[in-house]
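Peer 1: Got a structure here, written out as structure tokens. Questions coming.
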Amino acid sequence: MELLVIKARRIDYDGSAIRSHWAYRNFGVLGDSLVVFRGRCDVKIEEMVDIEDLRQRKEIKSDDMIHYIVEVFWHPDVLLASALQKLFIARLCELFSKKGVKVERKGDDIYVGDRKLSISIATISPVSIKIHIGINVTSRGVPQDVKAIGLQELGIDPEEFMEESGRVLVEEFLKVRKDSMKVRWVS
């Protein structure tokens with residue numbers, strides 16, 4: 001899995017990056033990838049993947065987030081996509097704990113107390129698994145009905161966190177991939 005961390009410029013997330021081959025079309029990254037970038041979040045209705053959010057007409061917004069776009073070209077299976085998403089969220093929770101931040105994973109979201117730190121979605125395309133994770137840098141611009149918190153309030157430098165968390169997630173994926181290849185099947 002190739003890691004690309006973009007810090008030179010901001011990129012806003014509107015939901016369209018969840019489409020297949022986004023990293024290849026935009027950055028020339030072909031194959032399994034994790035692209036990490038920072039920018040606003042405003043998911044358009046036509047780009048919404050979570051049907052529950054769509055039915056409830058939920059707003060998914062933030063003025064400043066770190067975004068993780070994962071694409072894995074491996075048997076597009078929505079159950080595997082959801083499991084990988086939750087593994088990545090759990091791994092991020094471990095990273096926060098190592099930094100002294102008490103977090104809790106609720107499904108595929110990260111909370112600090114009763115305040116939401118992240119958003120996330122996993123789906124499939126005809127050729128790949130796609131995952132988006134967003135971590136609030138600040139709580140500004142988040143819908144009023146969401147009690148949110150951001151990295152800045154936790155004393156975590158967003159630029160450093162982008163690099164470190166990107167490496168951690170790629171390492172975790174590569175370990176899973178390696179472990180899946182070193183076992184034999186049983187009859």
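The values are calculated or read from the model by the stated rules, or taken from the named source; none is laboratory data. As the structure is a prediction and not an experimental result, all values here were calculated from the model. FYI the Cβ positions are ideal-geometry reconstructions off the backbone, even for glycines, and counts take in every protein chain you see. All accessible areas refer to the heavy atoms of the entire protein, side chains included, with ligands and DNA or RNA removed. Shrake-Rupley method; radii C 1.70, N 1.55, O 1.52, S 1.80 Å.
Peer 1: Hey, what D do you get for the range 84-130 in µm²/s if you plug the Kirkwood alpha-carbon radius into Stokes-Einstein at 4 °C and 1.567 mPa s? Mind dumping the intermediate values first?
Peer 2: On the way: Rh = 11.4 Å.
Roughly 113 µm²/s, to the nearest whole number.
Peer 1: Hey, what's the Kirkwood Rh for the range 46-187 if you take every pair of different alpha carbons, in angstrom? Let's see the in-between values first.
Peer 2: Numbers: mean 1/r = 0.0618 Å⁻¹.
When all Cα pairs of the range 46-187 are included, the Kirkwood radius is 16.2 Å.
Peer 1: Mind checking the full-extension length gain between Lys44 and Lys86? Use 0.36 nm per residue of separation minus the Cα-Cα distance, one decimal, nm.
Peer 2: 12.7 nm
Peer 1: For the range 31-39, in order, what is each residue's ³J(HN,Hα) by Karplus, 6.51 cos²θ - 1.76 cosθ + 1.60 with θ = phi - 60°, in whole Hz (x at glycine and Pro)?
Peer 2: Along the range 31-39, the couplings run x, 4, 8, 10, 10, 10, 8, 10, x Hz.
Peer 1: While we're looking at this one, here's another question. Leaving out ligands, DNA and RNA, what percent of the accessible area of the range 55-121 is carbon and sulfur, probe 1.4 Å?
Peer 2: The nonpolar share, carbon plus sulfur, comes to 51 percent.
Peer 1: Report the local net charge at Ser16: Lys and Arg +1, Asp and Glu -1, summed over other residues whose C-beta lies under 14 Å from its C-beta.
Peer 2: Here the count lands on -1.
Peer 1: While we're looking at this one, here's another question. Which three semi-axes in whole Å describe the equivalent ellipsoid of the range 4-73, each the square root of 5 times a Cα gyration tensor eigenvalue, listed largest first?
Peer 2: So the equivalent ellipsoid measures 22, 15, 8 Å along its semi-axes.
Peer 1: Describe numerically, in nm with one decimal, the distance between label points set 7 Å from Cα along Cα→Cβ at Trp74 and at Lys182.
Peer 2: Spacing of the two 7 Å Cα→Cβ label points: 1.5 nm.
Peer 1: Along its principal axes, what span do the Cα atoms of the range 132-187 show, with the longest given first and each in whole Å?
Peer 2: Principal axes ranked by extent give 55, 27, 15 Å for the Cα atoms.
Peer 1: Between Arg9 and Lys61, with labels modelled 7 Å along Cα→Cβ, what's the label distance in nm to one decimal, could you check?
Peer 2: Here the modelled spin labels are 2.5 nm apart.
Peer 1: Could you sort 57-69, 16-28 so that the peptide with the highest average Cβ count within 10 Å comes first and the rest follow in order?
Peer 2: The densest-packed peptide leads the list: 57-69, 16-28.
Peer 1: Can you compute 3J(HN,Hα) from phi for each residue in the range 54-63, using the Karplus curve 6.51 cos²θ - 1.76 cosθ + 1.60 with θ = phi - 60°, rounded to whole Hz and x for Gly and Pro?
Peer 2: Residue by residue, the range 54-63 yields 5, 4, 8, 6, 5, 8, 10, 9, 6, 6 Hz.
Peer 1: Where q = 0.11, 0.15 Å⁻¹, what log10 of I(q)/I(0) comes from the Debye formula for the range 39-112, counting one point per Cα?
Peer 2: Debye intensities relative to I(0), on a log10 scale: -0.37, -0.69.
Peer 1: Kindly report the accessible area of the chain per residue (heavy atoms of protein chains, probe 1.4 Å, no ligands, DNA or RNA), in Å².
Peer 2: 54 Å²
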